[in-house]
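Taking it in order: structure first as C-alpha cells, then the write-up.
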Amino acid sequence: MQNILLFSILGLASGAIIATIAIGVVLSWRGSGTINIAAGAVVMVAGYIFWCLRTGYFAPALMMVPAVLLTLVLMALLAVVVEVVAVKPLRTASPLARLVASIGVLLLFQAAVQLVFGTAPVDSPAVLSAEVVEVVGVTVPIAHFILAGVVVVLALALSMLYRFTRFGLATRAASENERSAILAGLSPDSLSLANSVIAYVVAGLVGVLAASVVGVSASTLPLLIVPALAAALLANFTSFGIACAAGLAIGIGESLLFYASTQSWFPTQDGFALPGMQQVAEFFLIVIALWWRGSSLPQRGETAGRSLPPVPRQERLVRRAAPVVLACAVALVVLPSDFRQAVTTGLVATVLCLSFVVIMGYVGQLSVVQLALAGLGAFTVSRLGTEFGIGFPLGPIIAIALATVLGVAIGAAALRVRGITLVVVTLAAAIAIEQFVFANARWGGGQTGAPVESPTLFGVNLGADASFPGLNGTLPSPLFGLLALVGTVVLYAFVANLRRGDLGRRMLAVRSNERAAAAVGVNVRAVKIVAFGIASALAGTAGVMYAYNYSTVSAGSYGIAIALTLVASVYVLGVTLVQGAVLAGFGAIGAVVPLILQKWVLPQDQISIWVQLIIGVGLLVQLKLFPDGLLVGMELKKERRAEHKAQSEPSVVSPRVEEGVPA
Amino acid sequence: MKPTSSQRLVRSRGLGRLPLPVSVLAVALTLAGCASDSDTPGKEATGGDPAATASADPWAVTDYVDYTGGTDGAADESLEPVTIGWLNQQGGPLGFPWATAGAKAAVKYVNEHLGGVDGHPLALSTCFIADAEAEGNACGLELVNDDDVKTVLYGTVMAGNQSFQAVNKGKKPLLMSNSISPIDAAADNVYTYNGNPGSIFGGLASYASEVVKAKSVSVIYPQDAQSTAGVGILKAALDSVDIDMKAVGFDPSTTNLTGAAVAAGVQDADLVIPLVSFPPACIAAAKALESLSVTAPVVATGSFCFTDATAQGLGGEAPLWHQLATQTNVADHSLPDVQAYLDASADVGLGAEGQGSSDASLAWGLVLTAARLLNEAGGAEADEASIAKAAKALEGPIVLGSAEIECGAYAKQPGLCGAQTRVFEHTGGGEFKALTEWLSPAGL
C-alpha cells in the first residue's frame, strides 16, 4: 500500500502535464470542433519561449514574473496567429481538413523550434519551489504537488467559467448548434478565437511551471498528445474536470506501471518487463472509453455543410495512368541506382496511400494505423523467413492476412464511433503496435532491424538484388521494381474501380450518412469492416513490398510521426482520388521527391527538419487554397467547367451529381 | 587470444566519447557529489595520481608517417585519387557532423603530410543518413555500386546500418570505430576497432565487478528496440560476474523518470546505470537521480549524457557521472597521442570545437587506419580482397585507441577487433579523469 501511495505521488508531475494537454484538447473541441493534435506542442513552445525570456536568448534576460507574463502574452498572440492561419479559414471545411491542419501546426511548431533552438533540450529556470519532502523514505520535490494542484485549480476555474459565465454559455451554445448561436447574435469565429487563446494561455502557464520539473524538449512533449487524447475522450471532449482527473490518473497509472513491472506477476520476456505495456493499456483505455461513450460523443451542429471531401468520378484512368506507368518502367531501368530505388519506394508508398483512399476517402474513417499495419506485414515477412523458413509466396500471404485481421479487429473495436473520432483509437493503436510489437527484440526489429530474405520463385531471385542489373550495371535490380510497378498498377485499378462498383457506392453511402444508409438497407457495420479489411490488406501488401525492397525492416520506419505526415500528405493531395495516392506516394520518405530535395534543393545540414518544416507549411498553405485536397479541388473545377459547358449546350446530358459533390 | 584484463594503465583527462546507438550506449557510475570522493570504488581500485603515468603510454601513436606506412610530404595530385567511402549520420534531429569534419581533416592531413596512399591522393566519397533507415539503403547503393570506392568507413551511424549492409552483403570491407550492434561483428567483411555493445556492456560488467565490487545494479532504460536489446546484453554480461540487476523500462516519450528510478531501486543499489543516450532521456535521468539524492555511483556508456546538448538541458553542466569509453580521451592534452592529434588536426584546420568532439577524433583515427590498410594492401592497386586481408591482420596500437587489436579474438564475433574499455569520471566543467585502466569485457 505504501508503494502504491509512493508511486501515485511520483506520477503527479507527468499526470499534470497530460491533464493540461487534455484540457487544451477539450478547449479546442469546444471552440472550433477540432481535435487538436498540436496541443502537446503548444506546451513545448511555451517552455521554449519562457526559457528564451529568462536566459536572454534573444534579448536581455527578464526576471521571473515579467518572463511568465510575457510568455503568456506571446502564447495568446500565437493562438491568434494559428487561429487566423489554420483554424478560421477551415471553419467550413471538413473535419478531416481541420485535423490535418492541426497536424500541420504540430509539424511546423516542432520543426521551427528545432531549427531555432537546436535539437537539444533546454533547462528552464525553476519557477516552483525546489524544496523536497520525504514520502515513504523517498524524497519527492514539492513542485510535483504544486504542479498538480495548479492544474486542478485551472480545471475547476475553466469549469466554472464555462458553466456560469455568458462566455461559457455562448461557447456551449455554439458548440451544440452554430446556426442557432448565430441567430442568437453570437459569432462562432470570435468564440473559437477566444477559446484558442484560453487554451494556449493555460497550456503556456503549465508549460512554464513544468519546464524546470520535466525539462523542455521538442522530441518528447508533443508526443504526450496520445495519453491526453485518451483523457479527453473519457471527458467526452467537454468536461474539464474529467479531463483533468483522467490526465492525472494516466500519469499516476504510468508511474504505478513502473512499480508493477518489478513484480513477479508482470508479463516478462527474457526476464524483462514486456515493452509497450503502457501503450497497450492506453489503447485499451481508449477502446473502453469509446464503447462507453461512443454513442454519446458530442456532434457539433455547424453552419456549413461539414461534409468530407467530395469524391469525384475517376474516369479515363488508363489514359491518365499509362504515361506514368511507362515513365516508371523506363526509369526503373535507365536511371541511376538511387533514383531507381526511389521510384520503387514511391510505388510501395503509393500502395500504402491507396489504403488511405479506401478507408478515409471512400468510407470517411480517419485511420492513422495503416503505417503500423504495413510494419506488421513487413516484420511478419522477416520473421517467417528467418525463423520459420517460410519465404515467398506463402510468407507474404500470411503477413498480409495477419495485417488484415489486425486491421479488421481495430476497426471492429471502433465500430461505435464515426469518422474523425476514429483518429484517436487508431493513433493509440499505431503507437501500441509500434511499442509493443516493433520495439520487441523477439517479435520486432530488435537492436538494428530485422533482415528480410529476397523473394524467390522456382529458384529465380525476384528481389532488389536479383542478377538483372540496371542499365548502368548496378543494383538494385529493376526486376523487383518492375514487379512492384505491376502490383501497384493492379491495386491502383482495383481501388479506382472499387469506387464505381456496388461496394464502393455502399461505402460512399455510409460515408455520407450512416443512418440514411442503414435506412435504405446498407449494412453499415459490414461495410465498415470490409473497408477496414481492404485497407489493411493494402497496407500489409505495402509493408511486404517495403521489406523486400530494402531487405530489412526496422521500427524507426513505422513511427507515428511518419504516419501522421503521410496521412496529412495524402489528404492535402487528394484522399478521395487514386491519383492523390500516387502523388503522396512519390513524396514519401525515400521516394523521388525527397531524393530530389535532398540532392539538389535543401542544405545537408538538418535536412530532415527542413523537410518537416516544408511539409508543415505546405499543409497549411495547401489547405487554405484547396481545403479538400489539391487534386480533388482541381477535379471539381474541371467538373464545374464541364457542367457550365453542358448547361450552355442543351444537347449534352445533364451533369453528374455524385455523393459529396456539390451540384 | 582474448586480450587480458587490466593490462593498461593510462591516466588521462577529458572526454572520451563513445558514439553508440541512441539508447544502447549508456553506462554509468557515480553521481556528481561523490565523484571526487577518494573513497569511491573507482578511485580505490586505480589509486595513485592519474597524471603520474600519463607520459608512459607505450602504445601511444604519435608518428603518423610510421603508422600509415606513408611518406613524409604531400601526395602527387597528378595521380588518380584512391577513394574511400564515408557513411555518417547527420542532417537530422540527431546528427554527428563533427565525425565528417574529423574524417575530412584526416584525409587532408594524409594528402598534405603523409604522401597520400602510395603517392596517390586519398579521396572521400561521402553519403549521409539524416534519420531514416531507408537512407542507409540509398547510401549502400551509392557507395557499394561505385567501383572507385575501395572500402567504406562508418562514422557515427545510429540508423540505416542494417539496410546499408543489406546492400553491401559483405562485398566491400566496412571499417568501424564503434559498432552499434553485435550483429555487425558477426557479419561478413566488417572490422570494428574500438568496440560494440557486447564489448561495452561486458566492460561495464568488468567495471562493476572488478572495480566497484558491486553486488546489485540498478538500470533504467527506454523501451525502444535498441535499448530493450541492449539491456539483455547487459544482463548477460552482469550474470557472468554474478551481479544482480534490477531493470525498469520506460516509455521513450516519458519526461519524468523519478518513478522508474525508484522502481529500479536506485536508492539501494551498489551501482546505477541509466541506459540512456538520447539527450532528453539523459536529462530526465539526471533530474530524477538528483531529486532522489542517489548516493551510489552512476555510470553511463558513451558520451551522449556528457554532450553540450545534455549540459544545456541541465543548466550548463553535464551530470557528474562516470563514463565508460572505448577510446583515448582527447581532452587530456598531456597524453602524447592526444598532443599529436591536436597538432596534426590543427595543422589541417580542424578547430578546437571539432578537436574536442569524440566523433571527430574517432573519425580521424579511423581514416588514418584506413590509409594504413590501403598502403599495406597495395596502395592504388588495393582491391576489396587485399584491403579485407589487411584489415583482418591489423594489430594494435591504433590511433587514439587501445593497444591490442585482434580480429577473431572472440569466436562468436569475428569482426570485433578491439574490445577494451575504460572508465572516466566527469569532475565538472567538461573535465574528466581516468578511473581505471583498460578493461577487457566480461562474458564475451
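The values are calculated or read from the model by the stated rules, or taken from the named source; none is laboratory data. Just so we're clear, the structure is a prediction, and the values are computed from it rather than from any experiment. Please note: Cβ atoms are built from the backbone with ideal geometry, for glycine as well, and neighbour counts cover all protein chains shown.
Among the residues of the range B:232-248, the ones that are touching a Pro at 6+ places or on another chain (Cβ under 9 Å) and either part of a loop (DSSP other than H, G, I, E, B) or more than 9 Å from chain A (Cβ to nearest Cβ) (or both) come to 2 in all. Just one of the listed residues (A:Ala542, A:Ala519) is touching a helix residue (DSSP H, G or I) at 6+ places or on another chain (Cβ under 7 Å) and either modelled with pLDDT of 90 or more or over 16 Å from A:Phe586 (Cα atoms) (or both), and it is A:Ala542.
Exactly one residue out of A:Glu178, A:Glu131 is within 14 Å of chain B (Cβ to nearest Cβ), touching a strand residue (DSSP E or B) at 6+ places or on another chain (Cβ under 9 Å) and of a type in the set (Asp, Glu), and it is A:Glu131. Pick from the range B:157-174 the residues that are touching a strand residue (DSSP E or B) at 6+ places or on another chain (Cβ under 7 Å) and surrounded by fewer than 24 Cβ atoms within 10 Å (Cβ to Cβ): which of them is nearest to the other protein chains (Cβ to nearest Cβ)? The residue in question is B:Ala166. From the list A:Ala484, A:Ala531, A:Ala516, the lone residue that is small (Gly, Ala, Ser), out of contact with any Leu (no Cβ under 7 Å at 6 or more places or on another chain) and over 16 Å from A:Thr576 (Cβ atoms) is A:Ala516. The set of residues in the range A:420-465 that are within 13 Å of chain B (Cβ to nearest Cβ), modelled with pLDDT of 80 or more and within 30 Å of B:Glu142 (Cβ to Cβ) comprises A:Glu434, A:Phe438, A:Ala450, A:Pro451, A:Val452, A:Glu453, A:Ser454, A:Asn461, A:Gly463, A:Ala464, A:Asp465. So, A:Thr238, is that one under 30 Å from B:Lys235 (Cβ atoms) and assigned by TED's automatic domain parsing to the domain that holds A:Gly118 or not? Here the answer is no, as A:Thr238 does not meet what is asked.
Note on the range A:598-618: residues that are farther than 23 Å from A:Leu573 by Cα and either buried (at least 21 other Cβ atoms within 10 Å of the Cβ) or in contact with a His (Cβ under 6 Å, 6 or more places away or on another chain) (or both) amount to 1.
Here the condition is being farther than 22 Å from B:Gly202 by Cβ, outside any loop (DSSP other than H, G, I, E, B) and in the same structural domain as B:His426 (by TED's automatic domain parsing); of B:Cys282, B:Cys305, it holds for B:Cys282 alone.
I'm checking my understanding of the structure. Among residues of the range A:264-278 that are more than 7 Å from chain B (Cβ to nearest Cβ) and under 29 Å from the mean Cα position of the chain (by Cα), which one is farthest from B:Thr228 (Cα to Cα)? Here the residue is A:Met277. Among the residues making up the range A:236-263, those that are more than 11 Å from every other protein chain (Cβ to nearest Cβ) and of a type in the set (A, V, I, L, M, F, W, C) are A:Phe237, A:Phe240, A:Ile242, A:Ala243, A:Cys244, A:Ala245, A:Ala246, A:Leu248, A:Ala249, A:Ile250. Scoring A:Pro89 on the criteria (1) in a loop (DSSP other than H, G, I, E, B); (2) under 30 Å from A:Gly31 (Cα atoms) leaves a single failure, condition (1). Among the numbered conditions (1) crowded, with 21+ Cβ neighbours inside 10 Å; (2) outside the structural domain of B:Lys215 (by TED's automatic domain parsing), the only one that B:Ala346 does not meet is (1).
Within the range A:112-133, is even one residue over 23 Å from B:Pro319 (Cα atoms), under 24 Å from the mean Cα position of the chain (by Cα), of a type outside the set (Asp, Glu) and surrounded by fewer than 20 Cβ atoms within 10 Å (Cβ to Cβ)? Yes, the conditions are met somewhere in the range A:112-133. Checked against the criteria, A:Val43 counts as under 22 Å from the mean Cα position of the chain (by Cα) and within 25 Å of B:Thr254 (Cα to Cα).
Number of residues in the range A:600-613 that are without any contact (Cβ under 8 Å) to a residue 40 or more places away in the chain and either within 16 Å of B:Glu142 (Cβ to Cβ) or part of a helix (DSSP H, G or I) (or both) equals 6.
Restricted to the range B:85-120, and to residues that are in a loop (DSSP other than H, G, I, E, B) and either within 14 Å of another protein chain (Cβ to nearest Cβ) or in contact with an Asp or Glu (Cβ under 6 Å, 6 or more places away or on another chain) (or both), which residue is modelled with the highest pLDDT? Filtering the range B:85-120 for residues that are in a loop (DSSP other than H, G, I, E, B) and either within 14 Å of another protein chain (Cβ to nearest Cβ) or in contact with an Asp or Glu (Cβ under 6 Å, 6 or more places away or on another chain) (or both), the one modelled with the highest pLDDT comes out as B:Gly119. Close Cβ contacts (under 9 Å, 6 or more residues apart or on different chains) running from residues in the range A:259-270 that are closer than 13 Å to B:Ala260 by Cα to residues that are of a type in the set (Phe, Trp, Tyr) and surrounded by 11 or more Cβ atoms within 10 Å (Cβ to Cβ) comprise A:Tyr259/A:Phe7; A:Ala260/A:Phe7; A:Ala260/A:Phe266; A:Ser261/A:Phe272.
Taking the range A:422-530 and the helices (runs of 4 or more DSSP H) fully enclosed by it, the elements with 3 or more residues that are surrounded by fewer than 18 Cβ atoms within 10 Å (Cβ to Cβ) are at A:478-500, A:502-512, A:514-519. Scanning the range B:207-254 for residues that are under 16 Å from A:Ala273 (Cβ atoms), in contact (Cβ under 8 Å) with a residue 24 or more places away in the chain and either among the aliphatic types (A, V, I, L, M) or in contact with a His (Cβ under 9 Å, 6 or more places away or on another chain) (or both) yields a total of 8.
Mind telling me which of the residues A:Ala199, A:Ala170 ends up being within 17 Å of A:Met75 (Cβ to Cβ) and buried (at least 18 other Cβ atoms within 10 Å of the Cβ)? From the options A:Ala199, A:Ala170, the qualifying one is A:Ala199. For the range A:331-372, filtered to residues that are among the polar types (S, T, N, Q) and in a helix (DSSP H, G or I), the residue that is modelled with the lowest pLDDT is A:Ser337.
Quick test for you: out of B:Asp251, B:Asp268, B:Asp308, pick the one residue that is within 21 Å of A:Gln263 (Cβ to Cβ), among the acidic types (Asp, Glu), within 13 Å of chain A (Cβ to nearest Cβ) and surrounded by fewer than 24 Cβ atoms within 10 Å (Cβ to Cβ).
Values: B:Asp251 fails: surrounded by fewer than 24 Cβ atoms within 10 Å (Cβ to Cβ); B:Asp308 fails: within 21 Å of A:Gln263 (Cβ to Cβ).
Of the residues listed, the single one that is within 21 Å of A:Gln263 (Cβ to Cβ), among the acidic types (Asp, Glu), within 13 Å of chain A (Cβ to nearest Cβ) and surrounded by fewer than 24 Cβ atoms within 10 Å (Cβ to Cβ) is B:Asp268.
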